[in-house]
1. Packing-wise, with mean Cβ within 10 Å as the measure, how do 347-357, 191-201, 137-147, 538-548 rank, highest first?
2. Quick one: 3J(HN,Hα) in Hz for region 784-793, Karplus 6.51/-1.76/1.60 with θ = phi - 60°, rounded, Gly and Pro as x.
3. For the cross-link pairs Lys782/Lys819; Lys319/Lys558; Lys237/Lys634; Lys447/Lys555, which exceed 25 Å when the distance is taken from alpha carbon to alpha carbon?
4. Could you grab the relative contact order for region 340-438? Cα pairs under 8 Å, six or more apart, rounded to a whole percent.
5. How many Å² of accessible area per residue for region 314-398, probe 1.4 Å?
6. For region 540-591, with every protein chain kept in place, what is the accessible area per residue (1.4 Å probe, Å²)?
7. For region 763-808 and region 342-392, what is the centre-to-centre distance using only Cα atoms, to the nearest Å?
Amino acid sequence: MADTSLTLDKLEAELEKAKKVFSSLEGPIKHLEPEELFTGREGFQRLISRFPVIEYGNRPMFSGSKINFTTSPQPSFNKNFDLLLSNLSEHSALGIRNIILADSPKQVERIYTILDDLSKNRDLEEQPDVAVLNLSLHEGFIDKDRKLACYTDHQIFERYHKFQLTESFSGKQALTLKELYDLKPGDFVTHIDHGVGRYDGLEKINNNGKWQEAIRIIYSHDDLLYVSIHSLHRISKYSGKEGYLPSLDRLGSNAWNKLKAKTKARVKDIAKDLIKLYAERRATNGFAYSPDTYLQHELEASFIYEDTPDQVTCTQDVKKDLEAPHPMDRLVCGDVGFGKTEIAVRAAFKAVTDSKQVALLVPTTILALQHYKTFRARLKEFPCRVDYINRFRTPQEQKQLLKELEEGKIDILIGTHRLLSADVKFKDLGLIIIDEEQKFGVSAKEKLKHLKVSVDTLTLTATPIPRTLQFSLMGARDLSVINTPPPNRYPVQTELHTFNEDIIRDAIHYELSRGGQVFFVNNRIQNILEIAGVVSRIIPDARIAVGHGQMEGHKLEKVMLGFVEGDFDVLISTTIVESGLDIPNANTIIINDAHHYGLSDLHQLRGRVGRANRKAFCYLLAPPTSVLTDEARKRLKAIEEFSEIGSGFNIAMRDLDIRGAGNILGAEQSGFITEIGYEMYQKILDEALHELKIAEFSDLYVEEKQREFVRECTLETDLEILIPDDYIANITERLSLYKELDSTDSEDSLLAFQNRMIDRFGPIPQETQELFNAVRIRRLAKELGMEKLVLRNGLMSGYFVSDQESAYYQTELFTAVLKYVQANPRGCKMKENAGKLSITIYGIDSVLKGLGILRSIDPMKEMK
């Protein structure tokens, strides 16, 4: 126990408080005495004396033997690495062992790199002896008795020490499963080969005396289609515009194929243009940046939070693009507060270390100011000059700034579309970073196009891009998605209310009582002062500021800076706070007339709070739902439902359901999306892109052509492979598991899935084990170039790529298969029938044996 006396004082104080409250209780209800509910100092001491007690601290309460530790805390180095290095060298000379503890393997790597670089740069005769370990410790210490110095990385770099929240089944996963897998009988589904039908549940089918499970789909004229659990990826839940009922297709008719072909042709036209742009950029020579310097490592290690896995991947992607000889055009898409700005800081600094200038283009003057503060704070220890230009700067300031920019004295310039003016001239522009590109007008985008030809471009967006667009963008620009939220973030609690002074007072009062700040968004300038008057009347002690776009520049800047620095408790403003404002201390937002906002606007506004590790609140004030339009009611319901961290994508999908696909790819496209469903449109788009990449643009996508000859392998079998009812009784749960299993794409993901099932439902039954083996054999068959695999009557037949001109037949992989057939003439036979080549393997009495044979012709083993 630590500081026992303090703990006991707190217990006694709480008991006294309870007694005081109890004495003031009135009414007929009999309450328990405080002593029955709470424990005071004496009671606690009596209870604890029954147990062995270990105390640590300087003021013990209990008598007993003492152990003295002669330790001192880790010294502060104020990010001065020379001090750190000399301190470590002193320890080495005194025979004290130096250990630096870091929270992640990546940080271990960075610390070693920094220490190596520092030692080389300072020409040290002897390097200090330091071990860097991937262990977490709250505070460092020096123990001279044991000749040990343990330092923590977060104290060296003055970062927050992240605490671990126990991992549970996250709501984000639950939403994904709920959105994508929860098919209920009667739901519309789209099959990529047969069109729109109605899902009618799971059904058991007797196949040569063996039981299997299949999905039953009803089509027009009550036609039935049974879909094997191995083909679930060919089905998607229909999601078109809300309220639109699709007509069912007829099995065997050509109408669906015509619609699919027409959609694919349209999609290919758009994709061709995008891929041509991509090809032009690839052909242009850009500037290839040099690999990371020790300054870059130092900057990344000094980030006060720990990188999320997606941030690490995204940083690596951006650096790889910058070091490539052609211009970068990368889109970083991540939800609000997921750390996109840090990616921009690292990219900008990498450009600056190679003596290039950086332009950061933002949609609002306030955001320019916010980014300026962020960049300046992150880069203050480094030789890099950051400045900003917007309408708040005086003409004289702007003139001087532009002069210095042209002379190359400014490294990073942040600004609104003012940056695109003709008088803004860079000495050597190397990188453009665009924040929230969708908020810029057409003319600004046209100017950007001319700028972007030979300059590296990084675009950041928080409005999630629906998957269809994501696929189309893959043809024209590289995409990085940040899905993982920073650790210890809580979902924002979202509540819908009518305008009510009591709710406003309670919300503001609660936030102020915990030392926080409040955003109050009111998008009408006409009555914003009236709202400020209401707030000041109900919370007279709150320090209130008002901000909107029609204020004079310097006044608005003063208000915003004052709020950022904590001079005001409540900021009443228009939606100028929407874009990227980052104030971790503000954790309550009240949005007035919330029914007037679009879904993505509400999501962006809500993203202003919940940026620290404390619970945040969002109050939506709107008239009673009975008087709202259908669309407004659905929007508010959606934003209230999807309050989980990272739910931006679900919100974008819901927005699409409410409004329809609209002009996602031009007006003529929306009709197709409504007819075939959103998910299926994405699959067709994916197919079209793949066809273009391996046909018309094969030179550009050489890797793609070499990597994948078979898109998917179908499996037909008479083996008993299913999840039995007595193992998992719930049909929806079984379907969701079948779907998840069908989408596993590696042995690791299959084993992880298997372990989750054992963890949730117990030992795997034999039929389900066979199902896992069937998934394995299908995946291996696909890797070996088989489009279809049949396991029946103890025989296994595999049908190879149907296109006889395919480059597959010239690969080492096919040569390895041929060698195996020649070496095993009794065990297998290869034949050609109607232009299709197949292999038959005899005498297999189980899937496992077939799996073993397939593995024995694993191309990787054969080539080695």
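1. Answer by packing, highest mean first, reads 347-357, 191-201, 538-548, 137-147.
2. 8, x, 9, 8, 8, 10, 10, 10, 9, 6
3. Lys319/Lys558; Lys447/Lys555
4. It rounds to 44 percent for region 340-438.
5. I get 32 Å² per residue for region 314-398.
6. 38 Å²
7. Comparing the Cα centres of region 763-808 and region 342-392, I get a distance of 53 Å.
The values are calculated or read from the model by the stated rules, or taken from the named source; none is laboratory data. Model, not experiment: these values are computed from the prediction. Backbone-built Cβ (ideal geometry, glycine too); neighbour counts: all protein chains shown. Calculation scope for accessible area: heavy atoms of the full protein, side chains included, ligands and nucleic acids excluded. Shrake-Rupley method; radii C 1.70, N 1.55, O 1.52, S 1.80 Å.
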